[in-house]
Amino acid sequence: MKIAIIDDDMQACNELQQALQECEIELVAQAEMQLFASGELFLEAFKPEEFQLVFLDICMDGINGIETALAIRQQDAQLPIIFLTSSVDYALDGYRAFPEGYLLKPVCKALPQLMEILQRCLPKLTVCMFTVRINGRELQLAYSRSEIYQ
């Protein structure tokens, strides 16, 4: 699993990364995490299906988090996005990007909300395997739980 953390405040990025690495959800704790200092830098590197989860600061210089999320949505409608903010003033604008949730900074004071959001996202992030036997050969196929419900 690969997680993107996009925030122009590196201290906030590092704090969130540490919280995720120490969380009790093994899939998240062992995920590869990539930090981006701006929406522009993330969008330059972004490819659909490369990341399974995005944490995105709303208030950043240049392209803000909402604009970044809307650009992500043009390429990937299913990618779970969690907004980070120090102000709830932008919550209504952010819903245009269909986020999984909002976390108020500092994240260290919002750990119960972080865990709640991650638990809600987990079915979308979990990849399952099943075995099919064809002509005497066994094949293992991977699928996402969210694909079942589409």
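The set of residues in the stretch 110-139 that are at pLDDT below 90 and charged (D, E, K, R) comprises ARG120, LYS124, ARG133, ARG137, GLU138.
The numbered conditions (1) assigned to a helix (DSSP H, G or I); (2) crowded, with 18+ Cβ neighbours inside 10 Å are all true for TYR102 except (1). Between ALA37, ALA12, ALA19, the distinction of being touching a residue at least 12 places away in the same chain (Cβ under 8 Å) and either within 13 Å of the chain's Cα centre (by Cα) or under 13 Å from THR68 (Cβ atoms) (or both) belongs to ALA37 only.
The values are calculated or read from the model by the stated rules, or taken from the named source; none is laboratory data. Bear in mind that the values here come from a model prediction, so they are computed numbers and not experimental data. Positions of Cβ are backbone-derived with ideal geometry, glycine not excepted, and every protein chain shown enters the neighbour counts.
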